[in-house]
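Input: a single structure, listed below in structure tokens.
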């Protein structure tokens, strides 16, 4: 990739990230309550052994969530952004979508860059871990340890901008590899389409929780992938294996729906076991929705508009 092309991609990514952060800080999320801000830096889920005096009773009354205020020693939370850049992340929305060309990977990159920029403004340490994908001439770093500062943010922006969707994520293997790299009690954000068997990556996700990491999983998908008509022919494409499978949906529609429901159930099972915040991200919807959930720890409902 030419330096000028990389610079253009970095600038475009930074611009979209700044726009999203600006929209969050001064737009949709605004409400008079203080608790509309980023909570994971000030609270943590109550666990056995925590002092009852640290429970935030106002949050309990308002949201029915048992949270405790973090002590000063707990507030140095490192955020780690885990980005799936596998081939299947190259899927985009239908041509009628207003942001034509936006792919699952494109969503992941903008959200990850926006979160990194948001946290950098707060002086937080942020790390980056890339699964799958490819870099020009293989010149890229897949692991950037958590640091703070504008220079580190610029490096993350460069690595994200160089990424192309390719290969497999191998979620189980790579989540296991992340475990010894992540600082204690990190906040881990996983950006992925989760297009692997949930029972293969689920145990690795749960292992991160057992190690006292907090998890937020942003699940990128297209509504087209999950809503196939029973009256049309279709082609199923694997970008990872470079395969195309033509099917008559009249023959397999019921089976397809059954497989989809089983997949959803298995995914939710492992989210529950891992105590992960599951953030669905249909790529046809506004980016602010998942960004709001990533920051606040609860799902966007239009409040504050």
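Can you figure out the FRET efficiency of residue 55 with residue 181, using R₀ = 35 Å and their beta-carbon distance, to the nearest 0.05?
Details: r = 32 Å, r/R0 = 0.92.
About 0.60, to the nearest 0.05.
Report the full-extension gain for the segment residue 66 to residue 8: residue separation times 0.36 nm, less the Cα-Cα distance, to one decimal in nm. Before the final figure, lay out the partial values.
Values: separation 58, 0.36 × 58 = 20.88 nm, distance 4.56 nm.
Taking 0.36 nm per residue and subtracting the Cα distance, the gain is 16.3 nm.
How far, in nm, would the chain grow between residue 207 and residue 143 when pulled straight, counting 0.36 nm per residue and subtracting the alpha carbon separation? If you can, show how the numbers build up before the last one.
On the way: separation 64, 0.36 × 64 = 23.04 nm, distance 1.97 nm.
Here the segment from residue 207 to residue 143 would lengthen by 21.1 nm.
Quick one: if you stick a label point 7 Å off each Cα along the C-beta vector at residue 275 and residue 48, how many nm between them?
Using points 7 Å along Cα→Cβ, the separation is 1.1 nm.
Points 7 angstrom from Cα along the Cβ direction at residue 266 and residue 224: gap in nanometres?
With each label point 7 Å from Cα toward Cβ, the separation is 2.5 nm.
If I model a spin label as a point 7 Å beyond the Cα along the Cα-Cβ vector, how far apart are those points for residue 18 and residue 254 in nm?
Result: 5.7 nm between the two label points.
How big is region 119-202 by the Kirkwood estimate over distinct Cα pairs, in Å?
Numbers: mean 1/r = 0.0711 Å⁻¹.
Taking every pair of different Cα atoms in region 119-202, averaging 1/r and inverting gives 14.1 Å.
Values quoted throughout were computed directly from the atomic coordinates according to the rules given, and no laboratory measurement underlies them. These numbers come from a predicted model, not from an experiment. Using ideal geometry, Cβ is built from the backbone for each residue, glycine included, and neighbour counts are taken over all protein chains shown.
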